[in-house]
1. Looking only at the range 84-114, count how many residues are in contact (Cβ under 8 Å) with a residue 60 or more places away in the chain, within 29 Å of Gln136 (Cα to Cα) and either surrounded by 20 or more Cβ atoms within 10 Å (Cβ to Cβ) or not small (Gly, Ala, Ser) (or both).
2. Filter the range 194-209 down to residues that are loosely packed, with under 14 Cβ neighbours inside 10 Å and touching a helix residue (DSSP H, G or I) at 6+ places or on another chain (Cβ under 8 Å), then give me how many there are.
3. What number of residues within the range 25-77 are within 27 Å of Val147 (Cα to Cα) and out of contact with any Ser or Thr (no Cβ under 6 Å at 6 or more places or on another chain)?
4. Residue by residue through the range 156-183, note down the ones that are touching a residue at least 60 places away in the same chain (Cβ under 8 Å) and surrounded by fewer than 20 Cβ atoms within 10 Å (Cβ to Cβ).
5. Can you tell me which residue among Val81, Val29 is modelled with pLDDT of 95 or more and either of a type in the set (A, V, I, L, M, F, W, C) or over 30 Å from Thr155 (Cβ atoms) (or both)?
6. Regarding Ala148, is this residue under 22 Å from Thr63 (Cα atoms), surrounded by 15 or more Cβ atoms within 10 Å (Cβ to Cβ), in contact with a Leu (Cβ under 8 Å, 6 or more places away or on another chain) and among the small types (Gly, Ala, Ser)?
7. Select from the range 62-75 the residues that are of a type in the set (Val, Ile, Thr) and crowded, with 20+ Cβ neighbours inside 10 Å and list them in ascending order.
8. Can you tell me which residue is farthest from the chain's Cα centre (by Cα) among those in the range 64-91 that are part of a helix (DSSP H, G or I) and within 20 Å of Leu208 (Cα to Cα)?
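The values are calculated or read from the model by the stated rules, or taken from the named source; none is laboratory data. Owing to the predicted nature of the structure, the values given are computational and were not obtained by experimental measurement. Virtual Cβ from ideal backbone geometry, glycine too; neighbours counted across all protein chains shown.
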Amino acid sequence: MKLSRNELRKIIVEMTSSGGVVQEVQSMVNQNKFLKGSIVAPKDLIKTSQYVVYASDEGLMHTKDRHMNVNAPGSTMFPNVNLQKVIAAIASTPKTSVPDDFMVKWEGVVSPTGPIGEMGVLYANPMIVSMMQDYQMPGGRKEIVKVAPGNRIMTELVTLVTAPLGMLSDGRQALSLVTMYPGGNDVEGVVIPRDRNDFAASGLYFVLPPGSPILN
């Protein structure tokens, strides 16, 4: 198919602009102590009118894998969720983080693409929660939480957390994906503590399938 001069000019401008953005984000990544050594590809950039989110295949897979094991404590994502599509839709809406917050966040917003998973944290009377089974979370902090058999609840809410990389020459802010998960920052009006060791005192516990090997 023969392209007109205007069509060809438009393609060249788009390719040049895309390459410029990739190079700018790569420069920011090179100076970031957490991302240094990563190679930025055009497909890794999720673009909106205000933001360009750097989300590598590895980062997307890590985010999804953390929320795919139904037998582990936490919220779960539906297997067919297109993370790039969801991130693009969320990042096109107003952020919820306050100006002095280091991260750029969309916390507990209604998913523009529909429900993406199920909430794994539930609320009960703290006295009841105190009698539930203890479980030590894997990882560096080894928090002690409460777990009990039950059913996760499908949610329309989603949280996207990103870290700022810098400002691009076109005026947009470059961000790096940190995590995304179903749910928000509260359960039945109870704010979810940053430290999981404080969950039980707030009446919060993780619900697991009755057959989960974690349960006694």
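1. 3
2. 1
3. 13
4. Correct list: Ala163, Pro164, Gly166, Leu168, Ser169, Asp170, Arg172, Gln173, Val178, Thr179.
5. Only one candidate qualifies: Val29.
6. no
7. Thr63
8. Among those residues, the one meeting the criterion is Asp65.
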